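Structure first, then comments.
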């Protein structure tokens, strides 16, 4: 798939979108989206006794109840295999150092692992590498339907964007439902439905998923702005497969 670079008109549209966020009223417990209080854990998240951490093959993961997450899951062919192996080798090197020193990941090491995602993987996502089946309207509709199915039951959606080869979702977990359970539900249902529609077999999604706990109201707006503007930055001037709870 060929994606055109962001042109001057797209840059103006991005600036206009950003201006609407800048004028928005700050989020608080009383004016949160959906009328539901948002739990922002703050920068001292590492000291939260309820925080659960674990490492998967690709990313470190943090689990808290009733917080807002930014998650991104991508198609299995969205990044070249050789590049993935390079990044996994660096990840293993960091993990081996921690194991040798008998300690957990430091904050700077966690940031480095996330850097491998944000600066490297996103490049291939935004240029449209791979089959990009999510650009097909029927396929995108399957994903949207899955995201909306348990909204206000297991989670609250705050924003989402279905790109040609990946999906961004900002959502708030509810009650006892974990972010990992929610994301796995989306991926499992859509993989089955999309493969059936396309007549395909095998893995549709990359096994792991990026997720980030949003810590403050300022970051909340920044993350929604990023998700909303993602199509424009990738060269899609008119993109219908996105939604946000905040009004312009």
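We did not get these values from a lab; they are worked out from the coordinates using the rules stated. Remember, it's a predicted structure, so these values are computed and weren't measured experimentally. Ideal geometry is used to build each Cβ from the backbone, glycine not excepted, and the neighbour counts take in all protein chains shown.
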Checklist entry - Between residue 201 and residue 177, 0.36 nm times their residue separation minus their Cα-Cα distance comes to what? => result 5.7 nm
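Based on the mean of other Cβ atoms within 10 Å per residue, sort peptides 187-200, 65-78 so the most packed one is first.
Values: 187-200: 15.1, 65-78: 20.7.
Highest mean packing first, the order is 65-78, 187-200.
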